[in-house]
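The structure appears below as structure tokens.
Only the coordinates and a few stated rules stand behind these numbers; no lab work does. Quantities reported herein were computed from a predicted structural model and do not represent experimental measurements. Because the Cβ atoms are built from the backbone with ideal geometry, glycine has one as well, and the counts that use them run over all protein chains shown.
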Amino acid sequence: MVRRSLIAEQVLEIMSRPVRHCWTLDELQDDLARQGLAPDPSSVFRAVCGLERSGTVVRVPLGDGRGHYEVASEHHDHLLCSTCGRMEPLACSIVADLTSRVRVWSGFLVSGHQLVLSGTCGSCADDARGGSEHEGRRSASRAGKNGS
């Protein structure tokens, strides 16, 4: 087994935090700098590439020309706020239902997909409205999820 570099270990530790979902190389570089480490960008790039090759992290294609990475886990889709850039996982059965319908309708067997729904997150929407109307809906939504 190949031993990970200190930078790769630090990158993985950063990406494993629940504070955010996906990271760009620049964001990882900035976070490492806040920790007092100063690796050059190529070291961060090599660390992320090594983690990706090992299957520890995966690239999330957003179509913006930048690499976005997350710790590998069970497949899920994403919600992306176009105001603040926050990305959240979207784990639901809607896409599975859709792929089944595609098969029935067209005979096409879907072997994979990437879905990113973009819009405005609840916090940014609240900021734009100047209120906390969203929090009540979010709490009600959570209660509904937990009760099903």
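Highest GNM mean-square fluctuation among Leu79, Leu109, Leu12, for the chain modelled with Cα contacts below 10 Å: Leu109. Among Trp23, Trp105, a tally of other beta-carbon atoms within 10 Å of each Cβ gives an order, fewest to most, of Trp105, Trp23.
Recomputing log10 I(q)/I(0) by the Debye sum over Cα atoms at q = 0.14, 0.16, 0.21 Å⁻¹ from the coordinates shown identifies the correct label among (1) -0.90, -1.13, -1.41; (2) -0.68, -0.91, -1.61; (3) -0.86, -1.02, -1.29 as (3).
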